[in-house]
Amino acid sequence: MPHCRQFEMKREARDEQLERMQHSAAHVMAEAVQHLFPEAKFGIGPTIENGFYYDFELPRPLTPDDLPVIEDKMGEFILRDASFVTEQMSKKRARELFADQPYKLELLEEIPEADVTIYKHGSFWDLCRGPHLNSTGELRAVKLTRIAGAYWRGDEKRPMLQRIYGVAFESEEQLGEYLQRQAEAAKRDHRKLGKDLDLFSTHEEIGPGLICWHPRGALVRRIIEDYWKDEHDKRGYDIIYTPHIAKLDLWKTSGHWEFYRESLYPPMEIEGQHYMLRPMNCLGHILIYKSRLRSYRDLPIRYAELGTVYRYERTGVLYGMARVRGFTQDDAHIFCRPDQVEDELLEVVRLAQFMMSSFGFEEYEVFLSTRPERYAGTAAMWEEATESLRHVLDRLALDYEEDPGEGVFYGPKIDVKLRDALGHEWQGPTIQVDFNLPQRFHFCYIGEDGSEHSVTMIHRTVLGAMERFVACLTEHYGGAFPVWLAPVQAVIIPIADRHADYAHGVEADLRSEGVRAIVDDRSERMNLKIREAQLEKVPYMLIVGDKEVASASASLRARSNEDLGPEAVAAIKSRIKTAIESRS
RNA sequence: GCCAGCGUAGCUCAGGGGUAGAGCAGCGGUUUCGUAAACCGCCGGUCGUCGGUUCGAUUCCGACCGCUGGCUCCA
């Protein structure tokens with residue numbers, strides 16, 4: 001592969017043989033493309049987490065129909081079993097070899113060493129560091145998975161090349177398993193489950209990236225929000241509400257207008273004043289802080305809001321509920337004295353951890369983002385705050401990765417990232433120190449000495465945004481929400497119409513104890529009702545027929561497909577209540 | 001925003017230059033059933049929108065809207 005770019009992402013140690021295969025498959029794919037399109041120009045072709053890709057400039061756009069043709073060609077080359085041979089040569093020599101390959105020439109210029117290596121097999125050669133298989137015949141199971149456009153060197157100002165993605169495995173069985181896993185992951189896709197489980201929708205008439213929460217999705221959200229509010233009450237937060245629009249001048253003062261204009265919805269004019277839909281919640285919180293003088297004794301002040309914000313996102317980036325244009329952040333702003341910063345940060349990270357574990361996320365990645373090129377405040381302030389963040393992470397013995405220069409312009413931050421079913425990484429909780437807004441809005445507190453002191457401001461979410469969080473949660477559980485979050489916790493299934501009254505009695509009994517139970521009293525067969533409840537992933541099914549009516553019981557079935565047999569209604573009730581209380 | 005693909009009934013999908021079809025859902029009946037789909041009948045669509053080519057367009061072409069896979073971006 002062209003300069004064998006190592007993927008910078010942290011990756012588990014991979015089977016080296018597999019890596020060689022994927023690497024070699026990329027070369028064979030490039031060879032096939034070269035045969036089919038002699039005028040092809042080659043970009044780069046690295047291995048990635050689950051396979052490989054190669055970028056090409058071609059005389060015509062590729063369509064999905066081209067993939068099998070390329071695969072067939074690759075099959076021929078694999079059969080020929082050409083050896084991979086490496087050769088070291090001077091850059092001068094390489095430039096001659098790649099004289100008609102502008103992208104390769106560009107790559108060559110960036111290699112500092114005097115000599116480079118190329119790998120050859122058959123009639124194909126490529127600038128590459130290796131390693132490779134011994135010969136193409138060692139390739140066992142290769143499949144091209146998709147085509148895509150990709151900017152040369154990831155720069156949207158440069159030409160868009162055509163990228164072909166593929167996977168390679170050591171056997172057909174492994175390839176089959178991989179495809180099977182992909183199919184299973186697709187079933188967890190929140191966009192599919194959102195429709196199947198009737199959780200949310202978007203509408204062309206409303207606009208892309210704007211979510212309508214259906215009753216069941218809204219219920220899941222409400223349970224999360226209620227839990228969130230309770231936990232914030234316990235931790236000394238004050239829950240507030242602030243407006244969704246504000247005068248443009250406010251956003252000019254904050255710097256948002258200047259820094260994020262591209263992501264803002266344009267202002268609207270009302271009574272000769274320009275107003276703007278908010279992209280963030282912080283300004284209302286600041287104005288509440290500033291509504292009176294604050295004493296050092298008042299701090300820290302923690303204002304929390306489930307605040308809906310609107311940001312313009314390019315259409316191509318929108319993704320189900322995970323990347324949208326209107327979303328509700330579980331936001332809070334902490335105003336504190338410099339000596340309180342570290343403890344506050346510590347408590348916020350703990351809260352984020354607590355929230356993640358409450359919702360079953362045991363695996364997530366933590367990133368510390370440091371000072372970018374353009375920044376507010378002073379280098380010393382950044383250093384101090386970054387050190388506090390680092391210290392907090394160390395005190396909690398959290399594994400984290402540093403993202404140098406990836407901080408927001410106004411301060412360093414800690415991000416927690418979750419993965420969805422398809423492997424995408426999404427930012428969940430984020431904790432940011434802000435040096436910008438305190439300056440711009442001059443807020444302060446009165447110290448023991450009676451004079452004004454500057455306040456440190458922390459922005460934070462512990463879930464991220466409700467839309468994205470529910471999307472990740474749905475995928476995490478594959479739609480089978482734990483009992484405490486399940487929109488419907490129990491379906492009571494009468495076997496025949498004559499059992500309906502009893503079923504409704506059981507329903508009322510469960511509901512009186514806060515269990516979300518419904519009776520499926522349609523004139524349908526029990527089998528159908530069970531099937532549908534299973535598909536809806538309802539945790540408990542209570543089947544009631546003659547025997548149950550006679551014994552004040554119900555025959556219990558769990559969505560795990562277990563028939564738990566007959567059980568007294570009182571026992572079922574306490575079983576479900578225990579599950580709810582343990583949040584399992 | 002960019003590259004490619006897609007858009008047919010509420011959902012999943014078939015079809016294809018002569019104005020459309022299945023299953024499920026819905027509605028009306030029949031059935032009253034013991035752990036993942038009972039049976040019969042009916043209703044249902046300007047084939048995403050607008051424009052063009054054509055005697056004729058849902059089908060071909062273009063633009064737009066939306067969705068999908070990537071790229072770029074992501075406070």
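Kindly provide the set of residues from region A:507-540 that are of a type in the set (A, V, I, L, M, F, W, C), near RNA strand B (Cβ under 6 Å from one of its atoms) and touching a residue at least 24 places away in the same chain (Cβ under 8 Å), ordered by number.
A:Met526, A:Ile530, A:Leu535
Selection of region A:493-523 for residues being of a type in the set (Gly, Ala, Ser), in a loop (DSSP other than H, G, I, E, B) and closer than 13 Å to A:Ile576 by Cβ yields only A:Gly514. When A:Arg371 is tested against (1) more than 21 Å from the chain's Cα centre (by Cα); (2) in a helix (DSSP H, G or I), just one condition goes unmet, and that condition is (2). Within region A:25-54, residues that are more than 30 Å from A:Arg419 (Cβ to Cβ) sit with their Cβ atoms under 7 Å from residues that are among the polar types (S, T, N, Q) and crowded, with 22+ Cβ neighbours inside 10 Å, at 6+ positions apart or across chains, in these pairs: A:Val28/A:Thr136.
Being among the charged types (D, E, K, R), on the phi < 0 side of the Ramachandran plot and under 33 Å from the mean Cα position of the chain (by Cα) is a condition met by no residue of region A:537-556. Scanning region A:84-124 for residues that are of a type in the set (Asp, Glu) and either more than 22 Å from A:Leu36 (Cβ to Cβ) or surrounded by 14 or more Cβ atoms within 10 Å (Cβ to Cβ) (or both) gives A:Glu87, A:Glu96, A:Glu106, A:Glu109, A:Glu110, A:Glu113, A:Asp115. Among the residues of region A:547-575, write down those that are without any contact (Cβ under 8 Å) to a residue 24 or more places away in the chain, within 12 Å of RNA strand B (Cβ to nearest atom) and in a strand (DSSP E or B). Within region A:547-575, A:Ser553, A:Ser555, A:Leu556, A:Ala558, A:Asp563, A:Leu564, A:Gly565, A:Pro566, A:Glu567 meet the criteria.
Table: residues versus (1) aliphatic (A, V, I, L, M); (2) surrounded by 18 or more Cβ atoms within 10 Å (Cβ to Cβ); (3) closer than 30 Å to A:Val488 by Cβ.
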residue: A:Glu225; (1), (2), (3): no, no, yes
residue: A:Asp233; (1), (2), (3): no, no, yes
residue: A:Ile240; (1), (2), (3): yes, no, no
residue: A:Leu248; (1), (2), (3): yes, yes, no
residue: A:Thr253; (1), (2), (3): no, no, no
residue: A:Ser263; (1), (2), (3): no, no, no
residue: A:Pro266; (1), (2), (3): no, no, no
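Tell me, which strands (runs of 3 or more DSSP E) lie completely within region A:172-258 with 2 or more residues that are within 29 Å of A:Phe481 (Cα to Cα) and within 10 Å of RNA strand B (Cβ to nearest atom)? Counting at least 2 such residues, we get A:200-203, A:207-213.
Which ones in region A:422-435 are within 10 Å of RNA strand B (Cβ to nearest atom), in a loop (DSSP other than H, G, I, E, B) and of a type in the set (A, V, I, L, M, F, W, C)? Within region A:422-435, A:Leu422 is the sole residue that qualifies.
Close Cβ contacts (under 6 Å, 6 or more residues apart or on different chains) running from residues in region A:114-126 that are modelled with pLDDT of 90 or more to residues that are among the acidic types (Asp, Glu) and buried (at least 17 other Cβ atoms within 10 Å of the Cβ) comprise A:Tyr119/A:Asp126; A:Phe124/A:Glu31. Hey, could you check region A:408-424 for residues that are within 18 Å of the chain's Cα centre (by Cα) and not aliphatic (A, V, I, L, M) and say which is farthest from A:Tyr477 (Cα to Cα)? Selected residue: A:Lys413. The residue of region A:422-460 that is modelled with the lowest pLDDT, among those that are surrounded by fewer than 21 Cβ atoms within 10 Å (Cβ to Cβ) and among the aliphatic types (A, V, I, L, M), is A:Leu422. Do we have A:Gly122 as out of contact with any Pro (no Cβ under 9 Å at 6 or more places or on another chain), near RNA strand B (Cβ under 9 Å from one of its atoms) and at positive phi here? The answer is no for A:Gly122.
Taken over region A:327-343, residues that are crowded, with 23+ Cβ neighbours inside 10 Å and farther than 29 Å from A:Trp213 by Cα amount to 2.
The values are calculated or read from the model by the stated rules, or taken from the named source; none is laboratory data. In this text, all values refer to a predicted model and were calculated from it rather than measured experimentally. Reconstructed Cβ throughout: ideal geometry from the backbone, glycine too, with neighbour counts over all protein chains shown.
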